[in-house]
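Below is one structure; the comments refer to it alone.
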Amino acid sequence: MLPAQTKRARRWRISPALTWYPSEFSRVRIQYNYDHGASFGSVHSVWFQVEFLLGSHAAHKF
């Protein structure tokens, strides 16, 4: 078994994300992760996020 520091040294990740603002009250985001390490191989994951505001809130410039 490799020490923890050696495992981290042999690992890399790329994680691009796209964000879209359909209005000043909402946001949609998608993110893809590719993680590769000597001890576990390749791992792929996709994250999807939707955020929206409801109710009254202070005025602001968008």
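Can you name the condition, by its number, that residue 62 falls short on among (1) in a loop (DSSP other than H, G, I, E, B); (2) modelled with pLDDT of 90 or more? Single failed check for residue 62: (2). Hey, could you check the stretch 30-50 for residues that are farther than 16 Å from residue 16 by Cα and surrounded by 11 or more Cβ atoms within 10 Å (Cβ to Cβ) and say which is modelled with the highest pLDDT? Checking each candidate, the answer is 37.
For residue 5, the requirement of being loosely packed, with under 12 Cβ neighbours inside 10 Å and either modelled with pLDDT of 95 or more or of a type in the set (Val, Ile, Thr) (or both) is not met.
In the stretch 11-29, the qualifying residues are those that are surrounded by 10 or more Cβ atoms within 10 Å (Cβ to Cβ) and not in a strand (DSSP E or B), and the one that is modelled with the lowest pLDDT is 24.
The values are calculated or read from the model by the stated rules, or taken from the named source; none is laboratory data. The structure presented is a predicted model; accordingly, all values stated were derived computationally and were not measured. Reconstructed Cβ throughout: ideal geometry from the backbone, glycine too, with neighbour counts over all protein chains shown.
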